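To start, the structure under review is shown below, and the notes come after it.
The values are calculated or read from the model by the stated rules, or taken from the named source; none is laboratory data. Small disclaimer: the values here were computed from a predicted structure and weren't measured. When we count neighbours, we look across all protein chains shown, and the Cβ atoms used for this are built from the backbone with ideal geometry, even at glycine.
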Amino acid sequence: MAINWDGFTNSVKSYLKSRSAPNYQAAAKFIALQYDVSVRSGGEMLANNFVIKPNTSVLQTMIELSFMRGYTKQQGYYDSLELIAKGLTLYWMGATMAQVYPPPGTIAVLSNWVVSPGTATSILTVPTMSFDNWTDMFVIMAKGQLLSMTGMMVALIPTSFGPMPIVLQWTGYR
């Protein structure tokens, strides 16, 4: 499975353009929820297990702070996505992954977790950036961060002595 970025992009752009959010907190909550739903449609690159216990509330808070910073900036460039980049990293910090799909050559997964949440590189924006451009920049930043994250998995391999645990490292989430 791969992350449904088209669904995320279309949903967020439509919501932001409709201006139906009563305040920036509601918009931040919607974006964080859409991100959470979207990344759960993907999986780590070793066995395609998805995230089950991330930190969505911190991502929402960082999006709120980014919006607050944007409201105070009237002209020139500013790093509106800097705080969101930090929020993406914190979303994955210590996240627990599903143990549904064993990687090739193994028979079961005992544990699976994020070791390093990767690095999200923020992008300079202008206060008048369109919702379409802002959403596209968010997705570019999130994709880069997901490719740089790493994790560990303890799985069982079959042997002539019975199943034995093995520690595997994975890199990237798609």
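Just a few scattered comments:
- Note on region 1-55: residues that are basic (Lys, Arg), over 18 Å from SER148 (Cα atoms) and not in a helix (DSSP H, G or I) total 2.
- Residue pairs meeting the criteria (Cβ under 6 Å; at least 6 apart or on separate chains; first within 19 Å of THR61 (Cβ to Cβ), in region 14-31; second part of a helix (DSSP H, G or I) and acidic (Asp, Glu)): GLN25/GLU64; ALA28/GLU64
- Considered as a group, the residues in region 28-74 that are more than 15 Å from the chain's Cα centre (by Cα), buried (at least 21 other Cβ atoms within 10 Å of the Cβ) and of a type in the set (Gly, Ala, Ser) include one that is nearest to VAL115 (Cα to Cα), and that residue is ALA47.
- Every residue from region 75-100 that is part of a loop (DSSP other than H, G, I, E, B) and either at pLDDT below 95 or within 14 Å of the chain's Cα centre (by Cα) (or both): GLN75, GLY76, TYR77, ASP79, SER80, LEU81, MET93, GLY94, ALA95
- Restricting attention to region 1-33, the residues being under 18 Å from SER80 (Cα atoms) and among the aromatic types (Phe, Trp, Tyr) number 2.
- Filtered residues of region 128-174 (kept if of a type in the set (A, V, I, L, M, F, W, C), over 22 Å from LEU90 (Cβ atoms) and part of a helix (DSSP H, G or I)): PHE131
- Residue list for region 1-27, filter: within 30 Å of GLY105 (Cα to Cα) and more than 11 Å from the chain's Cα centre (by Cα): MET1, ALA2, ASN4
- Unique match (being touching a residue at least 12 places away in the same chain (Cβ under 8 Å), surrounded by fewer than 15 Cβ atoms within 10 Å (Cβ to Cβ) and touching a strand residue (DSSP E or B) at 6+ places or on another chain (Cβ under 7 Å)) among PRO102, PRO163, PRO158: PRO163
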